[in-house]
1. For the subset of segment 191-222 comprising residues that are more than 13 Å from ligand 1 (Cβ to nearest atom), assigned to a helix (DSSP H, G or I) and charged (D, E, K, R), which member is farthest from Tyr295 (Cα to Cα)?
2. Across segment 165-197, what is the number of residues that are within 16 Å of ligand 2 (Cβ to nearest atom) and charged (D, E, K, R)?
3. Mind checking which pairs have a first residue in segment 316-344 that is at pLDDT 95 or above and a second that is of a type in the set (Ser, Thr, Tyr) and not in a helix (DSSP H, G or I), Cβ under 6 Å, 6 or more apart or different chains?
4. Which residue is farthest from Val120 (Cα to Cα), if the candidates are limited to segment 81-110 and must be more than 16 Å from ligand 1 (Cβ to nearest atom) and without any contact (Cβ under 8 Å) to a residue 40 or more places away in the chain?
5. What are the residue pairs meeting all of these: first residue in segment 64-75, first residue surrounded by 15 or more Cβ atoms within 10 Å (Cβ to Cβ), second residue among the small types (Gly, Ala, Ser), Cβ atoms under 7 Å, and 6 or more apart or on different chains?
6. Suppose we filter segment 126-142 for residues that are of a type outside the set (Gly, Ala, Ser) and buried (at least 18 other Cβ atoms within 10 Å of the Cβ); how many remain?
7. Would you be able to tell me the number of residues in segment 149-190 that are farther than 21 Å from Phe281 by Cβ and either near ligand 1 (Cβ under 9 Å from one of its atoms) or of a type outside the set (Phe, Trp, Tyr) (or both)?
8. Mind listing whichever residues of segment 11-45 are over 21 Å from the mean Cα position of the chain (by Cα), within 11 Å of ligand 1 (Cβ to nearest atom) and aliphatic (A, V, I, L, M)?
Amino acid sequence: MESIIFSSNIAQDLDVFLKNHKFSKLGVITDSNSVDACYPLISKTLPEHSYFSFSAGEVHKNIETCSQIWQWLTDQAFDRKSLILNLGGGVTGDMGGFCASTYKRGIRFINVPTTLLSQVDASVGGKLGIDFNGYKNHIGIFNEPEAVFISDVFLKTLPLAELRSGYAEVIKHGLICHENYFESLKMQDWENQDWKAIIEKSISIKKEVVAKDPKEDGLRKILNFGHTIGHAVESFYLDSEQHLLHGEAIAVGMVAEAFLSRKLLGLSSLDLQKISDFLLFVFGKVSISEEDMDYIMRKCFQDKKNEGDVINCSLLRRIGQCEYNIPVSGENIIQSLHFYNNLRQ
Ligand SMILES: NC(=O)c1ccc[n+]([C@@H]2O[C@H](COP(=O)([O-])OP(=O)(O)OC[C@H]3O[C@@H](n4cnc5c(N)ncnc54)[C@H](O)[C@@H]3O)[C@@H](O)[C@H]2O)c1
Ligand SMILES: [Zn+2]
């Protein structure tokens, strides 16, 4: 598994790492926001290098941008002994890692994730890839970076909405694996968190799950809690005027799937209430109309992970314990969206 370095001085720690590793050429792949917000924090101490910055955003996580990156690597004569440093959020890590892993059959790369989401989620587990013709993460591979450097210094420039989006995955980690962790999050004023401690804890939870099931044959599916309905909500809002960040959609999905957990796995009503109260407190409420519910339900069934007319979800038996492959019907999903809609903020 990748080695993760928690860094209190990112420029210095990268410097030490790069001095101890041999490479013919260093290239930095970053996006148009990270190049302003994050690159200056490391650029002065980096050895000689060139960088490539692509337009920020999920819409650019595609084959056209990969083509530009591969062309840049070619123009700059990167060879098989080169090293790539991916600096940015999950889009940069997923796409930069994918490009490095396929260029000349694969060159080494390191990741410096700069969003909370990419630090607690995308940095672990070796999934790399891009979107293709509207299908999210449709083309990709599993491959590990040489190292991942995590520093909360990058979070200072991150827009609050992006920070909150990553926080949804943090809450998820508590809900699926660690009751005390979830409770400790609930106790805090979420805007004044000890991010370093949170990132370390969340990464340790994800690492433990991924180590037991690297290719998602079983247990790793628990990381999808909130994501069956959450992804459908996310793609519904992609097609509409209002835009939802990933974590904002997953927050809706976690409330709805907590309802399904109560109905199908016996999650207690107290746990259900704790989950929905906290998620609504952090994320507020999205309104979902009757027609939208039907669309979202149908989207759930289009999910590539599912077969037939029931979908398998990962649901909670209690806070801190998640089970996977629980069959859920379309009617169940509609009921869960009604439950969400009827909650009072
Ligand atoms: N590989 C995995 O296991 C995995 C897991 C979860 C998510 N992902 C992927 O990660 C992506 C989402 O990641 P994300 O939320 O980091 O998105 P992102 O990379 O688009 O970053 C979000 C926004 O923040 C900006 N940004 C990044 N760092 C910043 C900083 N320090 N200061 C100011 N602005 C900054 C970016 O330019 C972007 O506009 C999705 O494509 C998702 O599929 C992958
Ligand atoms: Zn997610």
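1. By that ranking, first place goes to Lys196.
2. Counting residues in segment 165-197 that are within 16 Å of ligand 2 (Cβ to nearest atom) and charged (D, E, K, R) gives 2.
3. Here the result reads Cys322/Ser314; Tyr324/Ser314, each pair linking segment 316-344 to a residue that is of a type in the set (Ser, Thr, Tyr) and not in a helix (DSSP H, G or I).
4. Lys104
5. Pairs found: Leu73/Gly27.
6. Applying the first criterion (of a type outside the set (Gly, Ala, Ser)) to segment 126-142 yields 127-128, 130-133, 135-139, 141-142.
Now narrow it down to the ones that are buried (at least 18 other Cβ atoms within 10 Å of the Cβ): 127-128, 130-131.
Number satisfying all stated conditions: 4.
7. As a first pass, look at segment 149-190 and keep what is farther than 21 Å from Phe281 by Cβ: 149-154, 156-157, 177.
Adding the requirement that they be either near ligand 1 (Cβ under 9 Å from one of its atoms) or of a type outside the set (Phe, Trp, Tyr) (or both) leaves 150-154, 156-157, 177.
Here the count works out to 8.
8. Leu41
The values are calculated or read from the model by the stated rules, or taken from the named source; none is laboratory data. For clarity, every value in this text was computed on a predicted model and none was experimentally measured. Positions of Cβ are generated from backbone atoms using ideal geometry, with glycine treated the same way; all protein chains shown enter the neighbour counts.
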